[in-house]
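The values are calculated or read from the model by the stated rules, or taken from the named source; none is laboratory data. Because the structure is a prediction, the values reported are computed rather than measured. With ideal geometry, Cβ positions are generated from the backbone for all residues, glycine too; neighbour counts draw on all protein chains shown.
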């Protein structure tokens, strides 16, 4: 299986240059290449990755896929993504370890409970199979859960989990087989206007002209186009996660505690994979591109996890790591043409949810780029939209 190369030869020019070899960049390349396969006039496509594939957020997340959102458009998007994932292993020729054990989202406060009641009503109207559960019903699904910690819960059996790395590898291999150039270990250090398109200056000293450029670099997105005078209000945010020693299988769904931001699932090898949103420290917000781990995370997560699931008190940590969210002020992504730069396409700002949305988002964006199809998401996620004063909290579930 080919996963790109630092030596992959680049032509002088391509129709579309995609910066970023994560799930968004490679998913888009693959979907464009699929359209190419049946087209008379084929697009030339190159993906440029500054490091190795899965070196960024795509290789550092928990792999959750859920349609439990509070926004109808996001519910529909995730219903499409999950439907794609059902056949994607066969399509990409790689085992994604996709399993639909459901998402169990629990609420402990009145505010969180109201959110779940509203979500269930919305999902019923759309046709998503989400149902409301009592503490006893939630305990029946996960017997190790402390039911006293649950006010109300929701469960959707179609939600699931995948193993992130083969997801990216599969897209990369198929895109390459379909003619996409995937160049790794080559950083784009400069983007300069060239006619109606752009010229990219690479760390290798090479120059590449592109009629259109797609910025799919996640938390690094503002670094890429800063010299063009483009300043979107998204920013990086470090998020930590850990996995435990392997345990005998006992947990089917991915659990989310809505009040604390805790989430956990069990991998196919038996590890518990879990993370939490750390409470903000007064006067401090980590917006660096550092991916260090912290004792504070382990302390906060340990207290919340053992309260919710007492069996975890004797759990041994296997490893701990961090990754970067690409956070937008209103919690919505930036997808589409950049203000004053129509041929610079943004594909960023997904605020920790890009991995799960990628199958549907990249298929839709590819059809717009290659075929000119109208896509409502481009209006909703317009990079030029007015920005609010803070994030929307209704859909800010991390898992």
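Here's the yes/no breakdown for (1) in a strand (DSSP E or B); (2) in the same structural domain as residue 138 (by TED's automatic domain parsing); (3) in contact with a strand residue (DSSP E or B) (Cβ under 6 Å, 6 or more places away or on another chain):
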residue: 277; (1), (2), (3): no, yes, no
residue: 286; (1), (2), (3): no, yes, yes
residue: 292; (1), (2), (3): no, yes, no
residue: 297; (1), (2), (3): no, yes, yes
residue: 307; (1), (2), (3): no, yes, no
residue: 336; (1), (2), (3): yes, no, no
Out of (1) at pLDDT below 95; (2) out of contact with any helix residue (DSSP H, G or I) (no Cβ under 8 Å at 6 or more places or on another chain), the one residue 303 does not meet is (1)
So, in segment 170-193, of the ones that are surrounded by fewer than 16 Cβ atoms within 10 Å (Cβ to Cβ) and in contact with a strand residue (DSSP E or B) (Cβ under 6 Å, 6 or more places away or on another chain), which residue ends up nearest to residue 52 (Cα to Cα)? 189
Suppose the filter is closer than 25 Å to residue 7 by Cβ and assigned to a strand (DSSP E or B); does residue 240 pass it? no
So which residues in segment 251-268 are under 19 Å from residue 318 (Cα atoms) and either touching a helix residue (DSSP H, G or I) at 6+ places or on another chain (Cβ under 8 Å) or without any contact (Cβ under 8 Å) to a residue 60 or more places away in the chain (or both), if there are any at all? 262, 264, 266
What are the residues in segment 247-269 that are under 22 Å from residue 96 (Cα atoms) and either loosely packed, with under 14 Cβ neighbours inside 10 Å or at pLDDT below 95 (or both), if any? 247, 248, 249, 250, 267, 268, 269
The one condition residue 277 fails out of (1) over 18 Å from the mean Cα position of the chain (by Cα); (2) modelled with pLDDT under 95 is (1)
Residue, nearest to the chain's Cα centre (by Cα), within segment 338-362, restricted to residues that are farther than 20 Å from residue 71 by Cα and outside any strand (DSSP E or B): 339
